[in-house]
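Just below is one structure, and these are the notes that go with it.
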Amino acid sequence: MAKYNVHGGHNPSGKVACGAKGFLDESKEDRAVAKAIIKYLKKGGATVYNCTVDNGTSKNDVLKKICAKCNAHNVTLDISIHLNSGRNDKKGDKKNGGFEVWACSWNDSKRAIVKRCGKAMEKLGFTNRGVKTSTSLYYLKRTKAPALLFEICFVDDKDDYLMYKAAGADKIGKVLAEAILNKSISTTKASKVVSKLKSGAKVKIKIGAKYGGAASGKTIPSAYTGKKYTVTKVQKNNNQQEALIKQLNSWVPTKYLAIV
Ligand SMILES: [Zn+2]
């Protein structure tokens, strides 16, 4: 399985050599997006190293430390997350600045990944500014593995800001991770419940839940929903997974349970 280095660019917000600031704070958001990408790449089965640097003493020192972290692992791809600036659209002109990806050189594999990433961002509403080439960016030149630098959107464009807030860093991270891996990553509550529900699990019952096993289907009174219960057993019944709730001595389909 593929291995990746991912980092949020610059030093943390408020420190020397931190990122750009506008409606969005680059250092804060690049870390949030990087974190989400890492989370979803891992969910998708990849090995991922977080190469974000939080203790640089200068711009150059941050870059040096990022490359040192990246080059400590043998990976398929290095990914750097940034937010762009320079639109200076304070009022919102209904035009979205958008997403672009930088590399120092291009091959089919990088192009394919970036194409999918651009499409995924377009789906969220962002303009796809496509690929840019730079042979002078320190990070792109000095990583051992092929490297890509993502500019998610513009910090100083109100339209980008609103779109970013509507999508959220987690969702952006998810669609980018899926584009990188070229597969969808399941995050449904059902799969979470199935994998984590076992004897002793603490759960809440969702509103509108049915009980009494798969067949009976009586609605659980709302007085029981929202309280914390304990699972004592999990079984399959008529192709449906259900859990025995200790306090109610009743079987409840696991799709109606949320782990707390
Ligand atoms: Zn940046």
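The values are calculated or read from the model by the stated rules, or taken from the named source; none is laboratory data. The shown structure was predicted, so the numbers you read here are calculated from the model rather than taken from an experiment. Glycine also receives a Cβ, built like all others from the backbone with ideal geometry; neighbour counts cover every protein chain displayed.
Taking strands (runs of 3 or more DSSP E) that do not extend beyond the range 59-162, which have at least 2 residues that are within 13 Å of the ligand (Cβ to nearest atom)? Before you say what the answer is, go through the steps one by one.
Numbers: elements: 77-84, 99-103, 128-133, 147-154.
Correct list: 77-84, 99-103, 147-154.
Can you spot a residue in the range 21-41 that is within 11 Å of the ligand (Cβ to nearest atom), in contact with an Asp or Glu (Cβ under 7 Å, 6 or more places away or on another chain) and in a loop (DSSP other than H, G, I, E, B)?
No, there is no match, as no residue in the range 21-41 is within 11 Å of the ligand (Cβ to nearest atom), in contact with an Asp or Glu (Cβ under 7 Å, 6 or more places away or on another chain) and in a loop (DSSP other than H, G, I, E, B).
I need the full set of residues from the range 8-18 which are surrounded by fewer than 24 Cβ atoms within 10 Å (Cβ to Cβ) and within 11 Å of the ligand (Cβ to nearest atom), in order please.
Our first condition is that a residue be surrounded by fewer than 24 Cβ atoms within 10 Å (Cβ to Cβ); within the range 8-18, this holds for 11-18.
If the condition is that a residue be surrounded by fewer than 24 Cβ atoms within 10 Å (Cβ to Cβ) and within 11 Å of the ligand (Cβ to nearest atom), then Asn11, Ala17, Cys18 are the ones that fit.
Of the numbered conditions (1) surrounded by fewer than 22 Cβ atoms within 10 Å (Cβ to Cβ); (2) part of a loop (DSSP other than H, G, I, E, B), Tyr49 satisfies every one except a single condition; which is it?
(2)
Mind listing whichever residues of the range 30-39 are of a type outside the set (Val, Ile, Thr) and crowded, with 23+ Cβ neighbours inside 10 Å?
Step one: list which residues in the range 30-39 are of a type outside the set (Val, Ile, Thr), which gives 30-32, 34-36, 39.
Matches in the range 30-39: Asp30, Arg31, Ala34.
Going by what's in this entry, would Gly98 be described as surrounded by 14 or more Cβ atoms within 10 Å (Cβ to Cβ), touching a residue at least 40 places away in the same chain (Cβ under 8 Å) and over 25 Å from Asn50 (Cβ atoms)? Step through it out loud before you land on a result.
Numbers: surrounded by 14 or more Cβ atoms within 10 Å (Cβ to Cβ): yes; touching a residue at least 40 places away in the same chain (Cβ under 8 Å): yes; over 25 Å from Asn50 (Cβ atoms): yes.
In short, yes.
Here is a list: Ser109, Ser105, Ser136. Which entry is among the hydroxyl-bearing types (Ser, Thr, Tyr) and under 22 Å from the mean Cα position of the chain (by Cα)? Steps first, please.
On the way: Ser105 fails: under 22 Å from the mean Cα position of the chain (by Cα); Ser136 fails: under 22 Å from the mean Cα position of the chain (by Cα).
Testing whether each residue is among the hydroxyl-bearing types (Ser, Thr, Tyr) and under 22 Å from the mean Cα position of the chain (by Cα) leaves just Ser109.
Scan the range 58-70 and tell me whether some residue there is on the phi < 0 side of the Ramachandran plot, in contact with a strand residue (DSSP E or B) (Cβ under 9 Å, 6 or more places away or on another chain) and at pLDDT below 95.
no
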